[in-house]
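Shown next, in structure tokens, is the structure this report addresses.
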Amino acid sequence: MTNHIFIWSLLVYVLTGIVFLFFPPINGFSNIISRQDFADYNFFQKLGFGTLVSIAILLLICIFITLYPLIFLIRFIMLSKNSTKSKKNSDKVYHEEKNDTIERKKFEGIEKPRSQRFSIERLPFEIETNQVFYIENSFNPITHSYFSKNIEKVNDVLNHYRKSYQKKYEVVFLPKILESWTTNLTDFKTVADYNIPNICYDELKTHLLEINQIPLLSLSNEILRSLNFNGEKYNGFLRARNDDSEGYTHIEFRYFEINPQTEEELEKQLWYYAYHLEDRMADMHFMKMSERDLERMGLVDESADFKFHYEAHKIAEDIKQKIETLRQTGFYHLILNVISNELSDTERNSLNKFETINLNPKLSHLLITNDYEIILTDYRKEIKITPLQKAVYFLFLRHPEGIVFKYIYDYRDELLEIYKNLMYFDGWENAIDSIKNLTDPTNNSINEKCSRIKEAFVSCCDDNIAKYYYITGHRGNLKKIMLDSNFIKIENEILLTKTSKIPLTKSKSKAEIESLEEKLRKLYDECKKMFSQKEYINAINGFTEIILLSPFHYNAYFYRAICHSNIGNYLEAEQDNNHAIDLNKKDSPSYHNRGEARLMLKKYTEAIDDFNYYIDNIEDSSDDSYFLRGIAKMELDLLESACQDWYIAKELGHDEANKYLQKYPNIKFKKIKIPEKGKK
């Protein structure tokens, strides 16, 4: 930097010498500027051309002398910063590469193990993505000995590269679990009672030693068989890389070979597996419709059914923890299932007296007492839920054929009568509201009650058993209780369908539902055609027929409101828009339509509220909404704000907005940023 300044200063001196050499008049400059007539307007004329040029050059030179070191200094600082940053990045890369080299030395010299990927649609047993199963195809004494003595050390290796936000990986070595059964009888009794409530524990306890001798090979074969695995088998780790709660269409597994000849080789294979445990999984595509898509399509009467799989199967966090503890990571049920069903006759005979143990989970009879208690008699367990949840449960018991959520409003009167018999207080008004919400297919209340019912059953027994007792079913299909009617006994005569005083609602059959859906589709298409041809009276009659057949048909209310508005029936238009908004509060264009109807009914404040909601939450680039809101504000003498709305409407392309602006040329307003079309 010093060398640059020296060279620059030398150059300045040379240029100054040249100026004085070629422009001698500058020699008299000091005399001139000392004269008293400095302020004279002829001052610069007296200096002469050569002197002025010299002064200009000197000024430029002074500016360059001042700026150049400053510019150079700034440039030097910037380069230093970039250099420092580059060095830091370089150091970071260097250290990462160095650390990576160190980590790779932990498994240096081993061949790349075999690995396979496969997927299934549904999990046959409970398994978490952080659980790593050790699968055996042939007995390996080195692995068995090492895992039996050092399972915590193995877990530490697998978690060495784990991110802080991830769950800890856990190696599942099934012989270790079987061994724990013999050392912790209390824990085994609790878990066995949860997974197989009908189990004869005293008999099973005498055979725990025989159970402990079940070969890992038999358990491994059952695991792979239940996962429909048809590939090459070898000793190794098996892990699910995703689960069905994450929204994937399939569950992907990775099967990774672990088959050492020495303990040192085993440790290297464990480090290799841990290093590659977080490898990027294969792309999996899952397309699903969101609830918002459903609302935008006007299919809000399918909302409860749409959310059933997620909402009705949610379990409270404290119940989840209890279930997780009782399942003991799902292995007890898996092992007991292998013992009871999957061992060959030879394997069974190799275990003394083993064939006498009855480990098959048996379904219990369900009893509804005179006091409306729900009891699993064979398990000696009572299911405790609230009266409103019981009302829902009893409704489904009375309808073993199942109920389609989209048409649950058909059962409103029956459900109300059941609930009245369960209530112990005079809260009839609240009861009616509760039942109204339950039988509203756009409301989530029915899913919440189904969720609590499921929660109560899975708190008592494993889901493989509980699923026969709670309400279940696929989207768009019948929801029902799967338990066979032969297992159900109802002592309370009020609930018995044959002698009950509560009328039994006639359920729609599958054929009737399909016929109704087809009729609604055809009628809706005809009404839309009449609407497009501006046959509004006929369209209104058609949409009215649809509403009579399907009271929660959002699109029928939506279009009937527009028809009423177009023929001047603004009060009817407002009422239909009210219904449409009740069915779809979040994403309905009916807010704009209702604002328009209210504007015509001279409800200016309410109209402004509707336009505000529509602009703020649904579409902020609607020129029509801004224009009409401006008119409503004009009627309330809010001229400045009205002109601002008309200005926005004009900029968005509204044809009439400029005419209104021209009516008030003296009104000053703030011109805000114009929203982009299609922003929301």
| If we scan the stretch 488-498, do we find a residue that is among the β-branched types (Val, Ile, Thr) and assigned to a helix (DSSP H, G or I)? | no
| request: Count, please, the residues in the stretch 503-558 that happen to be surrounded by 14 or more Cβ atoms within 10 Å (Cβ to Cβ), farther than 29 Å from residue 586 by Cβ and among the β-branched types (Val, Ile, Thr). | output: 1
| remark: Every listed condition ((1) within 25 Å of residue 661 (Cβ to Cβ); (2) of a type in the set (Ser, Thr, Tyr); (3) at pLDDT 90 or above) holds for residue 565 save (1)
| query | Are there any pairs with C-beta distances below 9 angstrom linking a residue in the stretch 608-622 that is aromatic (Phe, Trp, Tyr) to a residue that is open to solvent by 20 Å² or more (accessible area, probe 1.4 Å) and not in a helix (DSSP H, G or I), with the two at least 6 apart or on different chains, and if so which? | reply | 614/589
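With respect to residue 664, determine if the residue is among the aromatic types (Phe, Trp, Tyr) and either at positive phi or open to solvent by 50 Å² or more (accessible area, probe 1.4 Å) (or both).
Spelling it out, residue 664 is indeed among the aromatic types (Phe, Trp, Tyr) and either at positive phi or open to solvent by 50 Å² or more (accessible area, probe 1.4 Å) (or both).
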| query | Can you name the residue in the stretch 622-680 that is assigned to a loop (DSSP other than H, G, I, E, B) and among the hydrophobic types (A, V, I, L, M, F, W, C) and is also nearest to the chain's Cα centre (by Cα) among such residues? | reply | 674
| query | In the stretch 438-445, is there at least one residue being within 24 Å of residue 582 (Cβ to Cβ), in a loop (DSSP other than H, G, I, E, B), in contact with a His (Cβ under 7 Å, 6 or more places away or on another chain) and not hydrophobic (A, V, I, L, M, F, W, C)? | reply | no
| field | Subset of the stretch 447-482 that is open to solvent by 30 Å² or more (accessible area, probe 1.4 Å) and polar (S, T, N, Q) - its residue that is modelled with the highest pLDDT | value | 472
| query | Give me the pairs: first residue in the stretch 578-593 and touching a residue at least 40 places away in the same chain (Cβ under 8 Å), second residue part of a helix (DSSP H, G or I) and among the aromatic types (Phe, Trp, Tyr), beta-carbon distance under 6 Å, and six or more apart or on different chains, which are they? | reply | 583/554; 584/554
| message | Need pairs with beta-carbon distance below 7 Å; first residue crowded, with 19+ Cβ neighbours inside 10 Å and within the stretch 559-571, second modelled with pLDDT of 90 or more and acidic (Asp, Glu); sequence gap 6+ or separate chains. | response | 560/576; 561/576; 564/572; 564/576; 565/596
| note | Scanning the stretch 580-633 for residues that are of a type in the set (A, V, I, L, M) and either open to solvent by less than 10 Å² (accessible area, probe 1.4 Å) or in contact with a Lys or Arg (Cβ under 8 Å, 6 or more places away or on another chain) (or both) gives 580, 581, 597, 607, 608, 615, 618, 632
| task | At least 1 residues that are polar (S, T, N, Q) and farther than 18 Å from residue 624 by Cβ in each: list the helices (runs of 4 or more DSSP H) lying fully within the stretch 504-614 that qualify. | result | 510-532, 536-549, 554-566, 570-583
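The values are calculated or read from the model by the stated rules, or taken from the named source; none is laboratory data. Because the structure is predicted, anything quoted here is derived from the model rather than measured. Please note: Cβ atoms are built from the backbone with ideal geometry, for glycine as well, and neighbour counts cover all protein chains shown. SASA here: full protein model, heavy atoms, side chains in, ligands and nucleic acids out. Shrake-Rupley method; radii C 1.70, N 1.55, O 1.52, S 1.80 Å.
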